[in-house]
Amino acid sequence: MKYILILNGPNLNLLGQREPDIYGTATLCDIIASLGEAFPQTALRHVQSNHEGAVIDAIQQHGLDPDCLGIVLNAGAFTHYSYAIADAIAAVKAPVVEVHMSNVQAREEFRRRSVIAPVCRGSIAGFGADSYRLAVEAILRF
Ligand code: DQA
């Protein structure tokens with residue numbers, strides 16, 4: 001069965017309690033549940049890890065699975081410096097859409113650089129939990 005992977009990196013398990021002024025009050029469970037409601041016809045799988053290697057393993061495993069339509073990736077702070085995650089994205093066939101809840105361009109200098117953006121199909125940032133929904137929509141249109 002075809003599916004889309006929602007892949008979240010470090011500290012995103014703390015959504016809802018983490019800096020709510022920036023990331024809002026919805027938990028990661030809330031966000032995944034509302035994606036399920038928004039896309040009832042689409043199988044969604046979800047992985048979250050605070051560990052770089054586990055994020056890479058998920059990109060490799062799902063990104064090379066012919067049933068995976070695409071990966072919605074919020075790599076958290078790995079976005080800004082993980083060349084290993086960038087290499088994993090470049091190595092797989094499935095399109096990867098970079099997602100951020102906050103508008104990273106409007107924040108600290110270090111967040112304005114994404115080392116994964118050049119190997120992602122596209123990037124969506126600044127729309128809170130809606131960034132995930134927009135990314136799923138983009139993958140469904142590929
Ligand atoms: C984030 C932005 C990153 O800079 C930060 O490290 C995160 C969350 C976002 O969703 O806005 O953990 O990816």
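The values are calculated or read from the model by the stated rules, or taken from the named source; none is laboratory data. None of the values given here were measured: they were computed from a predicted structure. When we count neighbours, we look across all protein chains shown, and the Cβ atoms used for this are built from the backbone with ideal geometry, even at glycine.
Among Val47, Val96, Val92, which is crowded, with 21+ Cβ neighbours inside 10 Å and not polar (S, T, N, Q)?
On the way: Val47 fails: crowded, with 21+ Cβ neighbours inside 10 Å; Val92 fails: crowded, with 21+ Cβ neighbours inside 10 Å.
Val96 is the lone residue from the list that is crowded, with 21+ Cβ neighbours inside 10 Å and not polar (S, T, N, Q).
Report yes if some residue within the range 122-135 is more than 12 Å from the ligand (Cβ to nearest atom), free of Cβ contacts under 8 Å to residues at least 60 places away in the same chain, in contact with a strand residue (DSSP E or B) (Cβ under 8 Å, 6 or more places away or on another chain) and over 15 Å from Leu7 (Cβ atoms); otherwise report no.
Checked against the condition, which is being more than 12 Å from the ligand (Cβ to nearest atom), free of Cβ contacts under 8 Å to residues at least 60 places away in the same chain, in contact with a strand residue (DSSP E or B) (Cβ under 8 Å, 6 or more places away or on another chain) and over 15 Å from Leu7 (Cβ atoms), the range 122-135 yields at least one hit.
Select from the range 32-83 the residues that are assigned to a loop (DSSP other than H, G, I, E, B) and touching a Pro at 6+ places or on another chain (Cβ under 7 Å) and list them in ascending order.
Asn50 - this is the single residue of the range 32-83 that is assigned to a loop (DSSP other than H, G, I, E, B) and touching a Pro at 6+ places or on another chain (Cβ under 7 Å).
Taking only pairs six or more apart or across chains, which ones have beta-carbon atoms under 7 Å, a first residue in the range 74-86 that is closer than 16 Å to Glu109 by Cα, and a second residue that is away from the ligand (no atom under 11 Å from the Cβ) and at pLDDT 95 or above?
Final answer for the pair search is Phe78/Glu52; Phe78/Val55; Phe78/Ile85; His80/Val115; Tyr81/Val115.
Restricting attention to the range 98-117, does a residue exist that is in a strand (DSSP E or B) and away from the ligand (no atom under 11 Å from the Cβ)?
Quick first cut of the range 98-117, residues in a strand (DSSP E or B) only: 98-100.
Now drop any that are not away from the ligand (no atom under 11 Å from the Cβ), which leaves none.
The answer is no; no qualifying residue exists.
Within the range 1-42, which residues are touching a residue at least 24 places away in the same chain (Cβ under 8 Å), more than 14 Å from the ligand (Cβ to nearest atom) and under 21 Å from Ala54 (Cα atoms)?
Those that are touching a residue at least 24 places away in the same chain (Cβ under 8 Å), more than 14 Å from the ligand (Cβ to nearest atom) and under 21 Å from Ala54 (Cα atoms): Tyr3, Ile4, Leu5, Ile32.
Any chance you could count how many residues in the range 12-31 are surrounded by fewer than 15 Cβ atoms within 10 Å (Cβ to Cβ) and in a helix (DSSP H, G or I)?
So the first thing to find is which residues in the range 12-31 are surrounded by fewer than 15 Cβ atoms within 10 Å (Cβ to Cβ), and the list is 14, 17-22, 25, 29-30.
Among the residues that remain, those that are also in a helix (DSSP H, G or I) are: 14, 20-22, 29-30.
Residues in the range 12-31 being surrounded by fewer than 15 Cβ atoms within 10 Å (Cβ to Cβ) and in a helix (DSSP H, G or I): 6 in total.
On the given criteria, is Arg113 surrounded by fewer than 16 Cβ atoms within 10 Å (Cβ to Cβ), closer than 19 Å to Ile89 by Cβ and free of Cβ contacts under 8 Å to residues at least 40 places away in the same chain?
Working: surrounded by fewer than 16 Cβ atoms within 10 Å (Cβ to Cβ): yes; closer than 19 Å to Ile89 by Cβ: yes; free of Cβ contacts under 8 Å to residues at least 40 places away in the same chain: yes.
Answer is yes for this residue.
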